[in-house]
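For reference, the structure discussed in these notes is given below.
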Amino acid sequence: MTKTSIESLRRQIAAQRASGAKWREVGIDYPSVPLGTLCRIAKDETYEPRTPRLRAKLGLALMPVEVEPCGHCGGVHVRKTCPSRMPSSRTQRSRERRAELNRIAQVAGWQSWSKYVSAVQRGAVRIERADSVG
Ligand SMILES: [Zn+2]
């Protein structure tokens, strides 16, 4: 559905009033919009309803919002940090955990944690509890 502009809504209401319609009759076209609001729209050229609910009832598009492009990529993000720049903290944590596991595996002489895990899964490595050793 195409949205009405405030100017066209104002003209529409004014035209109904000019043809002799009472405010109550004008209100029939805008269910659950206060008649005082319709009156203000028609008479006050500086007034424009702002709340999304009221704008929807009047067939007006939502008010534009100001956005600032990301200083990194020039795009617009809903989140505060640029997804192309900052790894999420979850991604960051799992990366740190993986790095720690790789260090542990390398101390034990493995190239990486995943090489160690696949060796265990193949049955190529026997795992012993430390307290049963010696
Ligand atoms: Zn960005």
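Output yes when any residue across region 14-27 is in contact with a strand residue (DSSP E or B) (Cβ under 6 Å, 6 or more places away or on another chain), part of a loop (DSSP other than H, G, I, E, B) and surrounded by 10 or more Cβ atoms within 10 Å (Cβ to Cβ), and no when none is. No, the conditions are met nowhere in region 14-27. I'd like to know if region 115-123 contains one or more residues that are assigned to a loop (DSSP other than H, G, I, E, B) and more than 16 Å from the ligand (Cβ to nearest atom). Yes: one or more hits. Met63 satisfies every condition listed in (1) within 16 Å of the ligand (Cβ to nearest atom); (2) exposed (fewer than 12 other Cβ atoms within 10 Å of the Cβ); (3) not charged (D, E, K, R) except (1). If you go through region 76-92 and pick out every residue that is more than 29 Å from Glu48 (Cβ to Cβ) and in contact with a Cys (Cβ under 8 Å, 6 or more places away or on another chain), you end up with 3. So if I check each of Glu96, Glu45, which one is touching a residue at least 12 places away in the same chain (Cβ under 8 Å), more than 16 Å from the ligand (Cβ to nearest atom), exposed (fewer than 13 other Cβ atoms within 10 Å of the Cβ) and of a type in the set (Asp, Glu)? Answer to the check: Glu45.
Of the residues that make up region 73-84, is at least one away from the ligand (no atom under 16 Å from the Cβ) and in a loop (DSSP other than H, G, I, E, B)? So far as region 73-84 goes, no, none of its residues is away from the ligand (no atom under 16 Å from the Cβ) and in a loop (DSSP other than H, G, I, E, B).
Computed from the coordinates by the stated procedures, all read-outs in this text should not be read as laboratory data. The structure presented is a predicted model; accordingly, all values stated were derived computationally and were not measured. Ideal geometry is used to build each Cβ from the backbone, glycine not excepted, and the neighbour counts take in all protein chains shown.
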